[in-house]
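Chemist: So that we are looking at the same thing, I have put the structure below in structure tokens.
The values are calculated or read from the model by the stated rules, or taken from the named source; none is laboratory data. Source: prediction; values computed, not measured. A quick note on method: Cβ atoms are made from the backbone with ideal geometry, for glycine too, and the neighbour counts reach across all protein chains shown.
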Amino acid sequence: MNINDLYSLFTVPPQMITHPRNVTTIQNQRVQISCTAQGIPRPTITWKKKREDGQRLNERVTSTNTRDRVNSTITIPRVQTRDAGVYICTATNKATTRPIEQEITLLVQGN
């Protein structure tokens, strides 16, 4: 039995890897907000900004993957005060009974 066979036999719900819960930056600077989760199979991460409509943030998101881990990053090239707020990273996989979430607060200071 090889490692790929073992991965197909087991499932492990996602777990978040610790990242800063607050990110502070200056207006017009480039900022990145990251979230990492691991599990078997590798989790899928989605982002949304905490607000009334809960709109998903697909633009500006990049991900890097290993067999059991995903790191997802939102990049804002020129952050504005309207970008400030709470961003929610959600990780799921087929072993998930309920999504795992992490909130990251972006604080933007004026020039």
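Chemist: Select from segment 1-56 the residues that are closer than 21 Å to T81 by Cβ, in a loop (DSSP other than H, G, I, E, B), at pLDDT 90 or above and under 14 Å from the mean Cα position of the chain (by Cα) and list them in ascending order.
Modeler: Scanning segment 1-56 gives a single hit, R21.
Chemist: In segment 73-81, is there at least one residue being out of contact with any helix residue (DSSP H, G or I) (no Cβ under 6 Å at 6 or more places or on another chain), surrounded by 13 or more Cβ atoms within 10 Å (Cβ to Cβ), touching a residue at least 40 places away in the same chain (Cβ under 8 Å) and not β-branched (V, I, T)?
Modeler: no
Chemist: Inside segment 93-103, can you point out the residues that are part of a loop (DSSP other than H, G, I, E, B) and not hydroxyl-bearing (S, T, Y)?
Modeler: Within segment 93-103, N93, K94, A95, R98, P99 meet the criteria.
Chemist: Tell me the residue from T62, T90, T73 that is farther than 13 Å from Q38 by Cα, of a type in the set (S, T, N, Q), in a strand (DSSP E or B) and modelled with pLDDT of 90 or more, please.
Modeler: Of the residues listed, the single one that is farther than 13 Å from Q38 by Cα, of a type in the set (S, T, N, Q), in a strand (DSSP E or B) and modelled with pLDDT of 90 or more is T73.
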